[in-house]
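The values are calculated or read from the model by the stated rules, or taken from the named source; none is laboratory data. Keep in mind it's a predicted model, so treat the numbers as computed, not measured. Positions of Cβ are generated from backbone atoms using ideal geometry, with glycine treated the same way; all protein chains shown enter the neighbour counts.
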Amino acid sequence: MDYSLDSGKVAEATERLLRQRGVDKREIGELVLFLQRDYYPELTIEECLESVERVLSKREVQNAILTGIQLDMLAEEGKLLPPLQEIVFNDEGLYGCDEVLSLAIVNVYGSIGYTNFGYIDKTKPGILKRLNEKNGKDVHTFLDDIVGALAAAASSRIAHRKQAAKESGTSGMD
């Protein structure tokens, strides 16, 4: 296995792990649309997916995704030390490290991401509801928050671009 820090390999590994864990980028795009449709009724799923792609292209985002997914996988395999094993496996309510890791993603596009993340984390629409279900086998302690953070960051990116466009008189997704 090649452990070099080639950015293409890191991006590829990130996308592969998301797919392996059952996350489709379109589902993240749908969350972005959910977050932004009241503010930008003309927003398309294609614009949302473009924003998701841009967020996923950032190295700090990839690092957070890789870290969180690895911790979930290790918990599924029973390979974390106690009591962390039980905490992550059961997604204990007072364990906030999953949200803290996800804030690294949210913060990429500024403070609006925090409110987007809080809202989507609380309501758990779409894929987030499925990822949050506990079946005694699959662990998504980090992944559900990561997916919510990706949607929140992509949503924030759109909000920033739309505001800049309004101020400059362009479409905002150029």
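Below, the figures for the structure above:
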quantity	calculated
Single match in 5, 81 (criterion: of a type in the set (A, V, I, L, M), more than 13 Å from the chain's Cα centre (by Cα) and modelled with pLDDT of 95 or more)	81
Number of positions in segment 131-160 that are charged (D, E, K, R), in contact (Cβ under 8 Å) with a residue 60 or more places away in the chain and assigned to a helix (DSSP H, G or I)	2
Candidate set: segment 45-56, residues that are of a type outside the set (A, V, I, L, M) and touching a helix residue (DSSP H, G or I) at 6+ places or on another chain (Cβ under 8 Å); chosen: the one farthest from residue 15 (Cα to Cα)	47
Count of segment 33-47 residues which are aliphatic (A, V, I, L, M) and over 17 Å from residue 116 (Cα atoms)	1
